[in-house]
Structure formats: structure tokens, C-alpha cells
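J.: Take a look at the following structure, please.
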Amino acid sequence: MLNHIEIYVSDLAASRRFYEFLLGNLGYEIYQDWEEGFSFLKAGTYLVFVQAPDYFLQKGYHRTRIGLNHLAFWIDGPLEEWHQSLLGLGVSFLYEDRYPYAGGQDSKRLYCLDPDGIKIELIQKEEY
């Protein structure tokens with residue numbers, strides 16, 4: 001069982017707005033909160049977001065460099081509702097030309113980017 005994942009971010013406030021929406025709607029609850037970071041917890045696993053120090057911000061993040069590529073989550077409810085809500089937040093999407101089957105015809109998926117460009121994958125459960 002995974003205990004936690006820690007992710008350094010370039011703009012803590014922007015990341016908090018994004019992840020409060022995303023993780024809050026996925027049933028995660030705020031777990032820790034301090035000046036340089038915050039975390040969300042669900043079912044014993046938590047995600048930690050920490051402000052990166054200024055001297056590491058220049059190189060930035062890219063999901064195809066060594067390290068984290070993306071985070072994928074199962075979602076309850078119709079994928080279209082998530083798509084509309086994320087559009088309202090001004091989120092950037094990936095593979096829009098193949099939405100909602102960018103991951104193949106076997107399931108509906110939505111791909112977007114968090115404020116730092118980390119790919120987020122939302123996978124609709126079959127019953128919706």
C-alpha cells in the first residue's frame with residue numbers, strides 16, 4: 001500500500017486552488033497545512049504539495065523528463081461533468097481531439113495539466 005507522494009510545485013497558491021478542486025471532489029480531505037505546503041488524505045494514502053525553493057524554479061518541470069509523468073484517478077460520475085468543471089477553471093487539456101477515448105475505446109478518460117504541467121488522468125468507472 002502506498003503511504004504518500006510528495007510533489008514540489010512552482011506556485012503553491014495556484015496548485016492549492018487546482019488540487020482543492022480536484023482532490024476535494026475525489027473525496028480527499030485536507031490532512032496537513034503549513035506555510036510551505038499542504039497535503040490531502042484518502043484511505044490512508046496522502047498527496048503532499050510543497051513550494052519549491054526559488055533556486056530550483058528556473059529549470060521547471062516537464063513530464064517527459066526523468067521523474068513523475070502523471071497521476072491517474074478513478075472518478076465517480078460522468079466524465080463530461082468533470083470536463084465542464086475543469087473548463088471553467090481554465091485548465092489546459094491534452095488529447096482533446098480524441099476525447100473521451102484518448103486512452104483507447106475501452107474506457108472514457110480525460111487528460112489535463114495541473115498548474116506546473118503535471119499530467120492528470122481521470123478515468124470514468126464503467127457504470128457511468
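The values are calculated or read from the model by the stated rules, or taken from the named source; none is laboratory data. As the structure is a computational prediction, the values presented were derived from the model and not from experiment. Here the Cβ positions follow ideal geometry from the backbone for every residue, glycine too, while neighbour counts run over all protein chains shown. Keep in mind that these areas ignore ligands, DNA and RNA; they rest on the heavy atoms of the full protein, side chains included. Shrake-Rupley method; radii C 1.70, N 1.55, O 1.52, S 1.80 Å.
J.: Compute the length gained on full extension between TYR101 and GLU80: take 0.36 nm times their separation in residues and subtract their Cα-Cα distance, giving the result in nm to one decimal.
T.: Numbers: separation 21, 0.36 × 21 = 7.56 nm, distance 1.22 nm.
Gain in length upon complete extension: 6.3 nm.
J.: Just check the range 16-86 against the gyration tensor rule for me: Cα atoms, a ≥ b ≥ c as the square roots of the eigenvalues, rounded for a/c under 1.5, and otherwise prolate or oblate depending on whether a/b exceeds b/c.
T.: Since a/c reaches 1.5 but b/c is at least a/b, the shape of the range 16-86 is classed as oblate.
J.: Would you work out what percent of the accessible area of the chain, with all protein chains in place, is carbon or sulfur (probe 1.4 Å)?
T.: Carbon and sulfur together cover 50 percent of it.
J.: Here is a further query. Taking the C-alpha atoms of the chain, how large are the radius of gyration and the largest Cα-Cα span, Dmax, in Å?
T.: 14.8, 47
J.: Give the residue list of trypsin sites (Lys or Arg not before Pro) in the range 57-109 that are DSSP loop and have at most 11 other beta-carbon atoms within 10 angstrom.
T.: Sites meeting the loop and neighbour criteria: LYS59, ARG65.
J.: Let me ask something additional. Residue by residue, what Karplus-based ³J(HN,Hα) values in Hz, rounded to whole numbers, does the range 87-97 have, using 6.51, -1.76 and 1.60 with θ = phi - 60° and x for Gly and Pro?
T.: 4, x, 8, x, 6, 8, 10, 10, 6, 4, 5
J.: Using helices alone, I'd like the mean residue ellipticity at 222 nm for the chain: each DSSP H run of four-plus residues gives -39500 (n - 2.57), total over residue count, nearest 500. Can you show the working numbers first?
T.: Working: 2 runs with 24 residues, N = 128.
-6000 deg cm²/dmol, from helical runs alone.
J.: Let me ask something else about it. Provide the percentage of antiparallel DSSP beta bridges, counting only those with both residues in the chain; round to the nearest 5.
T.: If I count the DSSP bridges inside the chain, around 60 percent turn out antiparallel.
J.: If the chain between PHE73 and LYS42 were fully stretched, how many nm would it gain, using 0.36 nm times the residue separation less the Cα-Cα distance? List each step's numbers first, then the result.
T.: Numbers: separation 31, 0.36 × 31 = 11.16 nm, distance 1.22 nm.
Result for the pair: 9.9 nm of gain on full extension.
J.: Which value, in Å², gives the accessible area per residue of the chain when a 1.4 Å probe is used on the protein heavy atoms?
T.: Averaged over the residues of the chain, the accessible area is 60 Å².
J.: Shifting gears a bit: Can you give the longest run of the chain that contains no GluC sites (Glu not before Pro) sitting in a DSSP loop with at most 12 other Cβ atoms inside 10 Å?
T.: Within the chain, the longest run free of exposed GluC sites (Glu not before Pro) spans 37-125.
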